[in-house]
Structures are given as C-alpha cells and as structure tokens.
Amino acid sequence: MNAQELSWLALWGATALYAIAMVASSVHLSRVADARASAKGKVPAGVAASHAGDASARPASASAGRDPAVASKATGIARATTLVGALLNGVGVVARGIEAGHAPWSTMYEYTITGTFVAVVVLLLVQSRRDIAYLFPGVTGFSTLALGLALTTLYQESTGLQPALQSFWLVIHVSIAIIATGVFIVAAVATMLQLMRDYRDEEPAAPGGLVRRWRNANVRLFKRWNWLEAVPSPRTLEALSFRLHAVGFVLWTFTVMAGAVWAEHAWGRYWGWDPKEVWSFIIWVIYAAYLHARTTQGWAGRRSAVLALIGFVALIMNFTVVNLYFQGLHSYA
C-alpha cells in the first residue's frame, strides 16, 4: 500500500467514524433531554419555583455528560469514534504530505482534510477540560460533510508546488490559517446552539411586523426541538463561544499579517487588493467588530451571536466562492 492509498483509506475511515459519532452523540443528547424533561415533571411545584431556571442553567459540575441518566453506550461510542476518527484523519493528512512531498496545505482538498482534523482536535481538547458533549453532533456532522465533499469533489492528484508556494511561509501562514479555521468551526457550532436555545427559552410575542413574525416563527420552531433541553443556557454557550472566537481572532490576525509579509517576499508588495487578501481582511474586520461590540458596547446575546455567524459565513465564502469563482494571485488555492 502506497501513501496515496493509505491517505485515501484513512480519510474515508475518518468520514465513516465521524458520521457514527454524530449519530451516537445525537442519541446521547436526546436521552439527556428526555431525562431532564422527566425530572422536571417529577419536581413539586414549590420546589421548582425555588429553583427557578431550566436544567441547562446548572453549574458545570452538573453538565450533560455527568448526568447519571445519560451514562449510556451512546456516550462512549460518540467519544471513542470521534477520537479514532481524528487519529485516522491525522494519518490521512500525514500520508497525503508524504505522497505530495511537501506540507499538505496547497490545495482546497488538502486545506479541507487538515481543517476538519484541526476542528475535531480542538473539540477533543476542550472536551478534556470541560464537558461539551452538546457540541459533538454539530462538529462531527460538519466534519463528515467536509471530508465527504473533499474526497468526492475537491480531490486532486498531488503535484509539485508552484513557485510562489515554495517558501517556508507556506508552513507558517497556511498552518495558522487552518488552525484558526478549526477554532472558528467549533465556535460557530456553539454560537448556533446559543441562538437556538435563546429562541427556545423565549415566549412568543404579540403579532407585529416582519421582524416580530420572524422571531415568533423561530420561537415556535425551536420549542418543538426537545433535544435542546440538553443544551446549556444561552449565557453559558455565549461565554464558551466568546473564548473560542477570541483565540481564533488572534490566530487569524497572525494569518493576515504573515500573508502580507509573504506577499512582499513573493510579489514585492504587502497588499495588492487580491480577492483572497480582501476577503481575509473582511473576515478580520467582522470578527474584530464582534469582539469589540461584545466587550465594550454591551452587545451580549442574540445580536453578537448573529454578527459572529456572519463572520463564519464570510470565512466559508472565502474558502469556496472566492477560491472557485474569483481570479487572482491565490487562484491555485
């Protein structure tokens, strides 16, 4: 078996294991939600009133993964398959690098397989410090789709590096960009859950304009999604999301700066309004606005979450639309 075959098999194996982890972790969350709903029904009204707030408002020590009602096979399957999937994902990336003869970060295919690996590693690292079982379905589901798309659509035969990429800056600039992307993926999942839980906890407002109708539609939708009972309170999710976004923003800042230095070495200028450069800066501005608004302008809650998700959409567009449809000096990526 050569490096190409090893990479291919390892990545397909990782895709399958991530899919299993997504299903198992979803079953886990549904059982947590059922257990909490059942516990609520058994609590006397007076006791419930003296402990106002839903089950998700409990401290971290009483989080979903430590709830006695959810000590099931689904929990172990989800974590084991995620870990083994990450190991296979890493093997696939390393084997691709051996096959290509250089760091495997020069094409969309290589960026995708490495980015999914980083996202799952970030998930596992945070999980080792605090229970975040509620993030597993989203992150493993995203990784399943991303790897499947990479293997079926984005795959390219390994070739030598173009002259502009034959630099040590490839390792510095692109590796940091990939790590930042992995962090932003996990942060985006936490932010989406924050919004869902926030709408679920809200009561429908009186009929009104378009905005109010949109909000009421979301409230009614997420109140039907009982598995959201297994998700922590919006405030807890927002705190986790903010920390992850802050780390990702620092890494993305370094990515933009390193890219400018590399551009000066390769093309003789720090900035040239290339589509990739412009979109990377737009992403930086959106996330900077999110962090600034969240910390200094009191944009806590739904508004800051929407702004963070706009940043993630811009990140995805930078990787897909800009790479595929805009011509520039970064078209090889």
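Of the helices (runs of 4 or more DSSP H) that lie entirely inside the stretch 35-132, those containing 1 or more residues that are at pLDDT 70 or above and closer than 29 Å to Val174 by Cα span 73-100, 108-127.
Would you say Ile316 is of a type outside the set (S, T, N, Q) and free of Cβ contacts under 8 Å to residues at least 12 places away in the same chain? When the stated conditions are applied, Ile316 passes them. Taking the conditions (1) free of Cβ contacts under 8 Å to residues at least 60 places away in the same chain; (2) buried (at least 20 other Cβ atoms within 10 Å of the Cβ); (3) farther than 14 Å from Arg302 by Cβ in turn, Ala230 satisfies each one other than (1).
Of all residues in the stretch 301-315, which are surrounded by 16 or more Cβ atoms within 10 Å (Cβ to Cβ) and of a type outside the set (S, T, N, Q)? Reasoning before the result, please.
The first filter runs over the stretch 301-315 and keeps only residues surrounded by 16 or more Cβ atoms within 10 Å (Cβ to Cβ), leaving 302, 304-305, 307-309, 311-312, 314-315.
Of everything in the stretch 301-315, those that are surrounded by 16 or more Cβ atoms within 10 Å (Cβ to Cβ) and of a type outside the set (S, T, N, Q) turn out to be Arg302, Ala305, Leu307, Ala308, Leu309, Gly311, Phe312, Ala314, Leu315.
Residue-by-condition table, conditions (1) of a type outside the set (A, V, I, L, M); (2) at pLDDT below 90; (3) closer than 25 Å to Val120 by Cα; (4) in a helix (DSSP H, G or I):
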residue: Ala217; (1), (2), (3), (4): no, yes, no, yes
residue: Phe249; (1), (2), (3), (4): yes, no, yes, yes
residue: Thr255; (1), (2), (3), (4): yes, no, yes, yes
residue: Trp262; (1), (2), (3), (4): yes, yes, no, yes
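Just name the residue that is nearest to Met192 (Cα to Cα) out of those in the stretch 264-276 that are touching a residue at least 40 places away in the same chain (Cβ under 8 Å) and assigned to a helix (DSSP H, G or I).
Out of the qualifying residues, it is Lys276.
Counting the residues of the stretch 145-160 that are touching a residue at least 24 places away in the same chain (Cβ under 8 Å), over 12 Å from the mean Cα position of the chain (by Cα) and part of a helix (DSSP H, G or I) gives 6.
The values are calculated or read from the model by the stated rules, or taken from the named source; none is laboratory data. Predicted, not measured: the structure shown is a model, and the values here were computed from it. Glycine gets a Cβ as well: all are built from the backbone with ideal geometry, and neighbour counts include every protein chain shown.
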